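Structure record follows, encoded as structure tokens.
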Amino acid sequence: MRQTVITLEKFYASPLGVSARNMAARRLASLWPDLSGQDVLGFGYCGPYLSPYMKAANRVVLAMPGGQGAVAREGQRGIIACLTEEDLLPFSDARFDNVLCVHGVEETPNLDVLLRELWRVTRPEGRIVIIASNRAGMWARSDKSPFGAGRPFSRTQLRGALNDVGFVPTVWSGALYAPPIRKLTGSGFTRGCERFGETVWPGFSGLVLVEAIKRLYAEPKGTAKKLVMRPSFGTRPIANRTASR
């Protein structure tokens, strides 16, 4: 069962939630610095993360799963939030340029079905970013945040799940190296933890971020590639063309 939208709203209104959002949004901004003119879908609970893109993007839609519940959010074109089933998103094929998934994969009852639906509504060569709890991080072991609920993931698990439905992972990142402690949410402390973690402890972030591309024609799995170290001219020696005198 998913956490309710009320629980998520309370978390992101707290100092710990604000700090977590800022640290994760910092990494998201490095992957998506500008979404001007793009059609963007957020699945799960993405409002706090997509707020900076609202004005520049052509369209932003927040799809919230039925088990979680939804809250009304307004954009430039009116209400942009909708309640939806995970296995039947109410959008046409190849509708969105960018898809963000936060609080989406950890508690889904069927990860493969959800990812296939997200693949369906993503345009060819469109990009998806999944932000999920890292099974090696401290946040997945804490009940003080929504990131401690559901199933955490390793990079290998996310890579396999994305490859299975036709996404090609291209960029990996991490966020939330500071411990999930309310008293340690100062901006100076958290920035220091992020810099230290990214340099010294990259595998133990609280969150794992992956950007993947929708490819219609991916290389078959297990394709062997031969590495040519130097040209081969055969076994016979080349004839001496110098005229004898």
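The values are calculated or read from the model by the stated rules, or taken from the named source; none is laboratory data. Quick caveat, the model's predicted, so the values are computed rather than measured. Every residue, glycine as well, gets a Cβ built from its backbone with ideal geometry; the counts of neighbours run over all protein chains shown.
For every residue, the table says whether it meets (1) in contact with an Asp or Glu (Cβ under 8 Å, 6 or more places away or on another chain); (2) in a helix (DSSP H, G or I); (3) modelled with pLDDT of 85 or more; (4) farther than 26 Å from R95 by Cβ.
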site	(1), (2), (3), (4)
V129	yes, no, yes, no
A132	yes, no, yes, no
G137	no, no, yes, yes
D143	no, no, yes, yes
G150	yes, no, yes, yes
G174	yes, no, yes, yes
G188	no, yes, no, yes
C193	no, yes, no, yes
T199	no, yes, no, yes
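If I filter segment 123-131 for residues that are more than 17 Å from M64 (Cα to Cα) and within 12 Å of the chain's Cα centre (by Cα), do I get at least one hit? Even if it seems obvious, please write down each step before you answer.
Start the filter on segment 123-131 by keeping residues that are more than 17 Å from M64 (Cα to Cα), which leaves 123-127.
This time we only want the ones that are within 12 Å of the chain's Cα centre (by Cα), so: 127.
There is at least one residue in segment 123-131 that is more than 17 Å from M64 (Cα to Cα) and within 12 Å of the chain's Cα centre (by Cα).
Out of R151, R59, I need the residue that is of a type outside the set (S, T, Y) and free of Cβ contacts under 8 Å to residues at least 40 places away in the same chain. Which one? It would help to see each step written out before you state the result.
On the way: R151 fails: free of Cβ contacts under 8 Å to residues at least 40 places away in the same chain.
Exactly one of R151, R59 is of a type outside the set (S, T, Y) and free of Cβ contacts under 8 Å to residues at least 40 places away in the same chain, namely R59.
Please go through segment 30-48 and pick out each residue that is of a type outside the set (F, W, Y), in contact with a Leu (Cβ under 6 Å, 6 or more places away or on another chain) and in a loop (DSSP other than H, G, I, E, B).
Selection gives C46 alone.
Does M54 qualify as being hydrophobic (A, V, I, L, M, F, W, C) and over 22 Å from R123 (Cα atoms)? Break it down into steps so the answer makes sense when it comes.
Details: hydrophobic (A, V, I, L, M, F, W, C): yes; over 22 Å from R123 (Cα atoms): no.
So M54 does not fit the description; no.
Would you call E74 among the acidic types (D, E) and either buried (at least 19 other Cβ atoms within 10 Å of the Cβ) or farther than 22 Å from A13 by Cβ (or both)?
On the way: among the acidic types (D, E): yes; either buried (at least 19 other Cβ atoms within 10 Å of the Cβ) or farther than 22 Å from A13 by Cβ (or both): no.
When the stated conditions are applied, E74 does not pass them.
Go through segment 1-29 and give me each residue that's charged (D, E, K, R) and in a helix (DSSP H, G or I).
Applying the first criterion (charged (D, E, K, R)) to segment 1-29 yields 2, 9-10, 21, 26-27.
Hits for segment 1-29 are E9, K10, R21, R26, R27.
Quick one: how many residues across segment 49-71 are assigned to a strand (DSSP E or B) and surrounded by fewer than 19 Cβ atoms within 10 Å (Cβ to Cβ)?
Step one: of segment 49-71, the residues assigned to a strand (DSSP E or B) are 59-65.
So of that shortlist, the ones also surrounded by fewer than 19 Cβ atoms within 10 Å (Cβ to Cβ) come out as 59.
Total meeting the criteria: 1.
Could you list, in sequence order, all residues of segment 13-46 that are over 16 Å from A132 (Cβ atoms), surrounded by 14 or more Cβ atoms within 10 Å (Cβ to Cβ) and modelled with pLDDT under 95?
Here is the first cut: in segment 13-46, the residues over 16 Å from A132 (Cβ atoms) are 13-19, 22, 26, 29-30, 32-41.
Within this subset, residues satisfying the condition of being surrounded by 14 or more Cβ atoms within 10 Å (Cβ to Cβ) are 14, 16-19, 22, 26, 32, 35, 38-41.
Within segment 13-46, S14, L16, G17, V18, S19, N22, R26 qualify.
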